[in-house]
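J.: Below is the structure I would like to discuss, written out as structure tokens.
The values are calculated or read from the model by the stated rules, or taken from the named source; none is laboratory data. Note that the coordinates shown come from a computational prediction; the quantities given were computed from them, not determined experimentally. Cβ atoms come from the backbone with ideal geometry, glycine included; neighbour counts cover every protein chain shown.
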Amino acid sequence: MSLLSIKTAISSTFAVYLERNVIRLFFLGFSAGLPILLVFSSLSFWLREADVDRSTIGYMSWVALAYGFKWIWSPAVDKITLPLISGLLGRRRSWLLLTQVCLIISICSMALINPQINLYYVPFAAIAVAFFSATQDIVIDAFRIESGDDKQQAAMAATYQIGYRFAMIVASAGVLLLAATFETNTNYDYLAWQKAYLIMALLMGIGLLTTLLSPEPTSDVSLPAKPDTQSSSSSPIGFILMLRGAYVTPLLEIISRYKWHAVVLIILIATYRISDIVMGVMANVFYVDMGYTKSDIALASKTYGLIMTLTGALLAGSLVNKYGVLKILLIGSILSALTNILFIFLSQSDYNLTLLYTVISVDNLSAGLATTAFIAFLSSLASKEFTATQYAFLSSAMLLFPKFLGGFSGVWLESLGYTYFFSMTAILGLPTIIAILYLMKQKWHA
């Protein structure tokens, strides 16, 4: 192959990343990725520094179960048109604007609570952030699927994931750097954390501005007609029909399409992120216990971690179109399990920044590749007729079981120690690998 043909092939592969629909998803991905770590690993670091015990921190991670239950209110996003602002912005953008404004208010409320004094109020503020963040995810997922054709979906998933992971770096490394910069007390400085979280609330303005500047996506599926008085939800029969249309019909549509393969798909979806999520609850707690500073973690994540995340996401976005989603899912699932093994070596070593950078870099590479491929996979399963509801079902299934188990991570860590805990989280990834291999053997495709 000549040099010119190689350049042409590379150019055609990455040209899709220059399309407006694809670029726009970077900024919406940033808006989606920023809040989650503010109620997850960054909050864990804050709480541990405030001398909250590890078991309580583990249970506090159940706040993130809101992401696993978002399917409950996802039909509202598909069915309800918001008054006033929907006429100006459209159905998807009006929901985006509402959730983003509520997120800014909720993150500010977290910043105003000192967990060392008022720990009781922390979960309430965190639940508000998680709820509105999960709702924003529902809308962005529908916006993404409806904004691009099938050929754009993998690239849109990649840029979304790059923005999402970049925001996660900002919400983790950025928060730690800001807190370290503002602190005047080396043990615990609440005001430093408060300022860091207020800046995160300000950065949510990026997503809000993107919403205002974006066009409303055009869906091939028209909105359902308003029910007449005979089928109104105010009557028992009307209410049952409403529930059936909102929850049962979208679920049955998936089952009817994939039949018995749906069981394997559920196993795959429910376990794909399990290794990362269960381990992730205690990751920052682990760094604190090992003696690494906020600046150490922030620097490792912001430099090597960010580069490897972008690399993994871009690779997945290109490789999925070339080799198919299942092969890339398999690679991602294997890497996700193996990276947890690397944390065992880190736990058994003394203070070692080189090893820390290596572990975080490999972990971020696998996460960028695995998650981008998984987003493309889930997007291929959702029908355009029930975009928001079905994608919410699928992404909720991805999070519900792992987030539930993650709540016990502090208890397991207390009894097992770090070496056995990280080994256990790696083993949790085996069902995913088996499910993918089975689907590949059956030559399954969406």
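J.: Can you go through Ala397, Ala373, Ala382 and tell me which one is closer than 20 Å to His261 by Cα, modelled with pLDDT of 85 or more, crowded, with 16+ Cβ neighbours inside 10 Å and of a type outside the set (Lys, Arg)?
T.: Ala373
J.: If I go through the range 53-72 residue by residue, how many of them are outside any helix (DSSP H, G or I) and touching a helix residue (DSSP H, G or I) at 6+ places or on another chain (Cβ under 7 Å)?
T.: Residues in the range 53-72 being outside any helix (DSSP H, G or I) and touching a helix residue (DSSP H, G or I) at 6+ places or on another chain (Cβ under 7 Å): 2 in total.
J.: Test of understanding: among Arg24, Arg48, Arg92, which residue is assigned to a helix (DSSP H, G or I), over 20 Å from the mean Cα position of the chain (by Cα) and touching a residue at least 12 places away in the same chain (Cβ under 8 Å)?
T.: Arg48
J.: Could you list, in sequence order, the residues of the range 306-356 that are farther than 21 Å from Ala155 by Cβ and either in contact with a strand residue (DSSP E or B) (Cβ under 7 Å, 6 or more places away or on another chain) or not hydrophobic (A, V, I, L, M, F, W, C) (or both)?
T.: Ser333, Ser336, Thr339, Asn340, Ser347, Gln348, Ser349, Asp350, Tyr351, Asn352, Thr354
J.: When residues of the range 234-258 are filtered for being at pLDDT 75 or above and of a type in the set (D, E, K, R), how many remain?
T.: Summing the residues that are at pLDDT 75 or above and of a type in the set (D, E, K, R) in the range 234-258 gives 2.
J.: Against the condition of a type outside the set (Ser, Thr, Tyr), buried (at least 23 other Cβ atoms within 10 Å of the Cβ) and over 27 Å from Leu437 (Cβ atoms), how does Gly305 come out, does it pass?
T.: yes
J.: Turning to a different aspect of this structure: Within the range 281-297, restricting attention to residues that are in a helix (DSSP H, G or I) and more than 17 Å from Tyr188 (Cβ to Cβ), which residue is modelled with the lowest pLDDT?
T.: Val281
J.: Being surrounded by 19 or more Cβ atoms within 10 Å (Cβ to Cβ), at pLDDT 80 or above and acidic (Asp, Glu) narrows it down to one of Asp189, Asp137, so name that one.
T.: Sole residue among the options that is surrounded by 19 or more Cβ atoms within 10 Å (Cβ to Cβ), at pLDDT 80 or above and acidic (Asp, Glu): Asp137.
J.: Separate question: Kindly list, by first and then second residue, each pair from a residue in the range 68-87 that is in contact (Cβ under 8 Å) with a residue 24 or more places away in the chain and among the polar types (S, T, N, Q) to a residue that is part of a helix (DSSP H, G or I) and crowded, with 17+ Cβ neighbours inside 10 Å, limited to pairs with Cβ atoms under 6 Å and residues at least 6 apart or on different chains.
T.: Every condition considered, the pairs that remain are Ser74/Ile138; Ser74/Ala388; Ser74/Thr389; Ser74/Ala392; Thr81/Arg91.
J.: Taking the range 324-345 as the search range and keeping residues that are more than 20 Å from the chain's Cα centre (by Cα) and without any contact (Cβ under 8 Å) to a residue 60 or more places away in the chain, which one is nearest to Met290 (Cα to Cα)?
T.: Phe345
J.: Out of the range 424-445, which residues are buried (at least 16 other Cβ atoms within 10 Å of the Cβ) and either more than 17 Å from Asn284 (Cα to Cα) or touching a Lys or Arg at 6+ places or on another chain (Cβ under 8 Å) (or both)?
T.: Listed by number, the residues that qualify are Met424, Ala426, Leu428, Gly429, Pro431, Thr432, Ile433, Ala435, Ile436, Leu439.
Here's the yes/no breakdown for (1) out of contact with any Gly (no Cβ under 7 Å at 6 or more places or on another chain); (2) among the β-branched types (Val, Ile, Thr); (3) more than 17 Å from Leu37 (Cα to Cα):
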| residue | (1), (2), (3) |
| --- | --- |
| Val129 | yes, yes, no |
| Ala154 | no, no, yes |
| Tyr188 | yes, no, yes |
| Gly207 | yes, no, no |
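J.: Test Pro217 against the stated conditions and say whether it is at pLDDT below 90, closer than 22 Å to Ala76 by Cβ and more than 25 Å from the chain's Cα centre (by Cα).
T.: no
J.: Ser109 fails exactly one of the following numbered conditions: (1) surrounded by 23 or more Cβ atoms within 10 Å (Cβ to Cβ); (2) out of contact with any Ser or Thr (no Cβ under 7 Å at 6 or more places or on another chain); (3) not aromatic (Phe, Trp, Tyr). What is the number of that condition?
T.: (1)
J.: Among the residues of the range 50-57, is there at least one that is of a type in the set (Asp, Glu) and at pLDDT 85 or above?
T.: The answer is yes, given that some residue of the range 50-57 is of a type in the set (Asp, Glu) and at pLDDT 85 or above.
J.: While we're on this one: At least 3 residues that are among the small types (Gly, Ala, Ser), within 17 Å of Tyr272 (Cα to Cα) and under 16 Å from the mean Cα position of the chain (by Cα) in each: list the helices (runs of 4 or more DSSP H) lying fully within the range 361-446 that qualify.
T.: Counting at least 3 such residues, we get 387-406.
J.: What is the number of the single condition among (1) more than 15 Å from the chain's Cα centre (by Cα); (2) surrounded by fewer than 22 Cβ atoms within 10 Å (Cβ to Cβ); (3) under 21 Å from Phe393 (Cβ atoms) that Leu268 does not meet?
T.: (2)
J.: Between residues in the range 194-219 that are among the charged types (D, E, K, R) and residues that are surrounded by fewer than 16 Cβ atoms within 10 Å (Cβ to Cβ), which pairs lie under 6 Å by C-beta distance while being six or more apart or on different chains?
T.: Listed pairs, sorted by first residue: Lys195/Phe182.
J.: Just for the range 86-106: of the residues that are over 15 Å from Gln136 (Cβ atoms) and touching a helix residue (DSSP H, G or I) at 6+ places or on another chain (Cβ under 8 Å), which one is surrounded by the fewest Cβ atoms within 10 Å (Cβ to Cβ)?
T.: Restricting to residues being over 15 Å from Gln136 (Cβ atoms) and touching a helix residue (DSSP H, G or I) at 6+ places or on another chain (Cβ under 8 Å), the top hit is Leu88.
J.: Can I ask one more? All but one of (1) of a type in the set (D, E, K, R); (2) at pLDDT below 80; (3) buried (at least 22 other Cβ atoms within 10 Å of the Cβ) hold for Arg273, so report the exception by its number.
T.: Evaluating Arg273 over (1) of a type in the set (D, E, K, R); (2) at pLDDT below 80; (3) buried (at least 22 other Cβ atoms within 10 Å of the Cβ) leaves (2) as the failure.
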